[in-house]
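A quick write-up on the structure given underneath.
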Amino acid sequence: MAYYQPPVKATPKGLCEAILDFYGAPHAKTLRGLIHNVRESLHAHCTTALLLDDITRLKTHREDDQDTLDIIRDLMGLNVALVLIGVNIPRSGRIPIILGNVPGRDPGSAPC
């Protein structure tokens, strides 16, 4: 399990560095390298869950927040459960943004 709480102004680099710091793993110099190291760390430590706290801090109108949500969406391709923690997540609009626009899914409802 790994835990991440985004700061008020989250960035993709900050997300990756926080996860790597959690494991004590080295940081790469580029975002692409950071993402690679995150994937490797999650796999190497047999991570089964990634807890993302205060997910409603991420706003869709900020480019860095949108890029951070894109990284989170990318991490969904791993064999790791993402646990989104926040207040009123279904009404925040983050679920469809993180999951992508899934046909037939009500954007105001939880995904389960």
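Among Arg73, Arg57, which is touching a helix residue (DSSP H, G or I) at 6+ places or on another chain (Cβ under 7 Å) and not acidic (Asp, Glu)?
When all the criteria are applied, what remains is Arg73.
Results for (1) part of a helix (DSSP H, G or I); (2) acidic (Asp, Glu); (3) open to solvent by 50 Å² or more (accessible area, probe 1.4 Å); (4) within 25 Å of Val87 (Cβ to Cβ), shown as yes or no for each residue.
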residue	(1), (2), (3), (4)
Ala10	no, no, no, yes
Leu15	yes, no, no, yes
Leu34	yes, no, no, no
Leu69	yes, no, no, yes
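Return the pairs, sorted by first residue and then second, in which the second residue is open to solvent by 60 Å² or more (accessible area, probe 1.4 Å) and not aromatic (Phe, Trp, Tyr), the first residue lies in segment 61-87 and is more than 16 Å from Pro12 (Cα to Cα), the beta carbons are less than 7 Å apart, and the residues are 6+ apart or on different chains.
Short answer, once both residue conditions are applied: Leu78/Arg39; Val80/Thr48; Ala81/Thr48; Leu82/Met76.
Quick check on my filter: what residues within segment 37-66 are more than 22 Å from Pro26 (Cβ to Cβ), open to solvent by 10 Å² or more (accessible area, probe 1.4 Å) and either at pLDDT 85 or above or not polar (S, T, N, Q) (or both)?
Result: Thr48, Ala49, Leu51, Asp53, Asp54, Arg57, Lys59, His61, Arg62, Glu63, Asp64.
Let's see how each residue does on (1) in contact with a strand residue (DSSP E or B) (Cβ under 8 Å, 6 or more places away or on another chain); (2) more than 17 Å from Asn79 (Cα to Cα):
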| position | (1), (2) |
| --- | --- |
| Pro12 | no, yes |
| Leu20 | no, yes |
| Thr30 | no, yes |
| Val38 | no, no |
| Ala44 | no, no |
| Ile55 | yes, yes |
| Glu63 | no, yes |
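Does Ile98 satisfy the condition of being buried (at least 17 other Cβ atoms within 10 Å of the Cβ), outside any loop (DSSP other than H, G, I, E, B) and either modelled with pLDDT under 85 or among the aromatic types (Phe, Trp, Tyr) (or both)?
yes
Select from segment 17-27 the residues that are outside any helix (DSSP H, G or I) and either among the acidic types (Asp, Glu) or surrounded by 17 or more Cβ atoms within 10 Å (Cβ to Cβ) (or both) and list them in ascending order.
Scanning segment 17-27 gives a single hit, Ala25.
The values are calculated or read from the model by the stated rules, or taken from the named source; none is laboratory data. These numbers were taken from a predicted model, which means no experiment stands behind them. Every residue, glycine as well, gets a Cβ built from its backbone with ideal geometry; the counts of neighbours run over all protein chains shown. Only protein heavy atoms, including side chains, enter the accessible area calculation; ligands, DNA and RNA are left aside. Shrake-Rupley method; radii C 1.70, N 1.55, O 1.52, S 1.80 Å.
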